Amino acid sequence: MNKKFITNLIILLFLNLLIKPFWILGIDRGVQNAVGSQVYGLYFAIFNFTFLFNILLDMGITNFNNRNIAQNHHLLNKYFSSIVILKFLLAIVYSVITLSAGLIIGYDSTQMSMLLILCFNQFLMSFILYLRSNISGLHFFKTDSVISVLDRFLMIIICGVLLWTNITGQPFRIEWFIYAQTFSYIITALIAFAIVVRKAEFKKLKWNYPFFILIIRQSFPFAILVLLMAFYNRIDSVMIERILPDKQGEQQAGLYASAYRLLDAVNMLAYLFSVILLPMFSRMIKFKDDVNKLARLSFTLLFLLSVTVAVGSFFYRTEIMIWLYPQHINETLAIYSSRIQETSWIFGILMFGFIPISTTYIFGTLLTANGNLKYLNLMAAFGMVLNLSLNFLLI
């Protein structure tokens with residue numbers, strides 16, 4: 001089992017390290033440099049705001065489905081035709097609540113338009129993750145690895161043309177970035193859907209109300225975990241943008257986004273471990289195989305990686321920020337130096353969060369596979385309360 005884990009992890013890491021660093025350091029960073037910290041800060045805050053209610057899109061179904069399909073492959077035929085309908089129903093609920101919340105906190109018409117499209121993108125991302133949970137649950141890890149990078153690959157092509165060829169004859173706009181995401185997610189979702197339909201021997205969608213209620217009840221502990229984690233991972237930039245006055249909130253959210261980008265990037269590497277470990281742990285637990293060796297191996301690899309990255313990032317924080325974010329044309333040297341100094345300290349502190357996050361991806365995944373969600377939910381609830389309290393106090 002360790003050999004299978006290492007083999008599939010290498011393939012998954014190779015594809016993601018081939019595509020996602022270029023996406024984060026080339027495209028995503030290039031977009032922020034093109035539109036400026038203030039405009040990107042607003043986008044980043046609204047983007048993270050859509051994550052706060054993301055649980056309504058999924059209700060824990062993806063993790064629940066991954067665990068159950070891994071343990072019982074034959075359930076794919078039973079689950080798929082009904083869960084697809086349920087996902088679309090949840091998308092409607094999610095959109096109504098998220099847009100209503102946006103109005104309540106004071107988003108204007110421009111911000112609401114951006115929020116609407118980002119809500120649709122969130123649905124597409126959630127649907128892709130659900131489809132991938134079926135593919136990985138069946139242990140088709142190579143196929144899942146390709147699907148995991150397909151959307152970013154398409155975005156790189158589209159945004160690369162818009163950023164670096166001047167094909168439009170206009171300065172790059174943040175809306176183009178959002179539309180590129182939408183197109184890429186649609187194509188990826190269609191391809192993933194076709195793969196799962198073939199594996200599930202899908203014939204037609206089934207409206208099954210008792211099944212909907214059963215699935216939601218069984219996946220509810222997973223839903224609570226996702227909700228709590230979304231709040232303590234994504235609320236920071238939303239609170240910065242909303243609490244600070246005038247344009248200062250957007251500017252500071254942009255600075256935070258500059259530093260958070262690399263933490264988000266390395267978190268993707270840790271997340272890839274959990275993508276493979278969840279179905280493997282689930283199947284091993286069902287057949288009463290020993291999970292200690294696999295847990296110890298994955299923890300050792302990820303812990304060594306996280307400590308190295310965190311320490312290296314702290315000592316070279318200023319050099320990394322200067323390399324990533326050059327001086328804007330209309331920016332004085334004094335303002336640029338102040339921006340880099342502020343972002344560097346944020347970055348240096350944030351990167352130490354990668355160590356405990358990595359640990360959670362290993363042992364949290366093991367607890368999820370074993371159905372011990374009570375402990376994870378308690379930990380996540382404590383993290384959310386602490387995060388909200390400190391943000392209110394310090395902002």
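The values are calculated or read from the model by the stated rules, or taken from the named source; none is laboratory data. Please read all numbers here as calculations on a predicted model, not as lab measurements. Glycine also receives a Cβ, built like all others from the backbone with ideal geometry; neighbour counts cover every protein chain displayed. The area values use the complete protein model at the heavy-atom level, side chains included, leaving out ligands, DNA and RNA. Shrake-Rupley method; radii C 1.70, N 1.55, O 1.52, S 1.80 Å.
Do we find a residue being modelled with pLDDT of 90 or more and closer than 30 Å to Leu255 by Cα anywhere in segment 287-304?
yes
Any residue in segment 228-245 that's among the polar types (S, T, N, Q): show its pairings with residues that are open to solvent by 10 Å² or more (accessible area, probe 1.4 Å) at Cβ separation under 8 Å, as long as the two are six or more apart or on different chains.
Here the result reads Asn233/Phe51; Ser237/Phe44; Ser237/Tyr256; Ser237/Tyr260, each pair linking segment 228-245 to a residue that is open to solvent by 10 Å² or more (accessible area, probe 1.4 Å).
Please verify whether segment 365-377 includes one or more residues that are closer than 25 Å to Leu255 by Cβ, in contact with a helix residue (DSSP H, G or I) (Cβ under 9 Å, 6 or more places away or on another chain) and not small (Gly, Ala, Ser).
For segment 365-377, residues closer than 25 Å to Leu255 by Cβ, in contact with a helix residue (DSSP H, G or I) (Cβ under 9 Å, 6 or more places away or on another chain) and not small (Gly, Ala, Ser): absent.
Taking segment 133-158 as the search range and keeping residues that are open to solvent by 20 Å² or more (accessible area, probe 1.4 Å), out of contact with any Phe, Trp or Tyr (no Cβ under 9 Å at 6 or more places or on another chain) and in a helix (DSSP H, G or I), which one is nearest to Ile187 (Cα to Cα)?
Going through the qualifying residues, I end up with Leu150.
Select from segment 96-132 the residues that are out of contact with any Phe, Trp or Tyr (no Cβ under 9 Å at 6 or more places or on another chain) and open to solvent by less than 10 Å² (accessible area, probe 1.4 Å) and list them in ascending order.
Within segment 96-132, just Tyr130 meets the criteria.
Is one or more of the residues making up segment 160-178 within 30 Å of Leu367 (Cβ to Cβ), in a helix (DSSP H, G or I) and among the aliphatic types (A, V, I, L, M)? Walk me through it before giving the result.
Within segment 160-178, the subset within 30 Å of Leu367 (Cβ to Cβ) is none.
Within segment 160-178 (the criterion being within 30 Å of Leu367 (Cβ to Cβ), in a helix (DSSP H, G or I) and among the aliphatic types (A, V, I, L, M)), the answer is no, since none of the residues qualifies.
Would you please name the residue that is farthest from Val266 (Cα to Cα), looking only at residues in segment 338-356 that are without any contact (Cβ under 8 Å) to a residue 40 or more places away in the chain and open to solvent by 60 Å² or more (accessible area, probe 1.4 Å)?
My answer is Ser338.
Taking interchain pairs and intrachain pairs at least six residues apart, which have beta carbon atoms under 9 angstrom, with the first residue in segment 290-308 and free of Cβ contacts under 8 Å to residues at least 40 places away in the same chain and the second part of a helix (DSSP H, G or I) and open to solvent by less than 50 Å² (accessible area, probe 1.4 Å)?
Hits for this filter: Asp290/Met284; Leu301/Leu9; Leu301/Phe273.
Could you tell me how many of the residues in segment 223-260 are at pLDDT below 80 and either over 24 Å from Gly102 (Cα atoms) or not in a helix (DSSP H, G or I) (or both)?
The number of residues fulfilling the criteria is 2.
For residues that are over 19 Å from Gly137 (Cα atoms) and assigned to a loop (DSSP other than H, G, I, E, B), tally how many sit in segment 281-324.
Residues in segment 281-324 being over 19 Å from Gly137 (Cα atoms) and assigned to a loop (DSSP other than H, G, I, E, B): 2 in total.
Among the residues that make up segment 175-183, is at least one of them open to solvent by 30 Å² or more (accessible area, probe 1.4 Å), out of contact with any strand residue (DSSP E or B) (no Cβ under 8 Å at 6 or more places or on another chain) and over 24 Å from Asn48 (Cα atoms)?
No, there is no match, as no residue in segment 175-183 is open to solvent by 30 Å² or more (accessible area, probe 1.4 Å), out of contact with any strand residue (DSSP E or B) (no Cβ under 8 Å at 6 or more places or on another chain) and over 24 Å from Asn48 (Cα atoms).
I need the full set of residues from segment 319-361 which are in contact with a Leu (Cβ under 8 Å, 6 or more places away or on another chain) and at pLDDT below 85, in order please.
Scanning segment 319-361 gives Leu324, Gln327, Tyr361.
How many residues does segment 357-367 contain that are hydroxyl-bearing (Ser, Thr, Tyr) and either touching a strand residue (DSSP E or B) at 6+ places or on another chain (Cβ under 6 Å) or open to solvent by 40 Å² or more (accessible area, probe 1.4 Å) (or both)?
In the first step, residues of segment 357-367 are kept if they are hydroxyl-bearing (Ser, Thr, Tyr); the result is 358-361, 365.
Among the residues that remain, those that are also either touching a strand residue (DSSP E or B) at 6+ places or on another chain (Cβ under 6 Å) or open to solvent by 40 Å² or more (accessible area, probe 1.4 Å) (or both) are: 359-361.
Selection size over segment 357-367: 3.
Kindly indicate the residue of segment 302-319 that is within 18 Å of Tyr256 (Cβ to Cβ) and surrounded by fewer than 19 Cβ atoms within 10 Å (Cβ to Cβ) and also farthest from the chain's Cα centre (by Cα) among those meeting that condition.
Among those that are within 18 Å of Tyr256 (Cβ to Cβ) and surrounded by fewer than 19 Cβ atoms within 10 Å (Cβ to Cβ), it is Thr318.
Counting just the residues of segment 165-174 that are open to solvent by 70 Å² or more (accessible area, probe 1.4 Å) and in contact (Cβ under 8 Å) with a residue 40 or more places away in the chain, which one comes out farthest from Leu115 (Cα to Cα)?
Pro171
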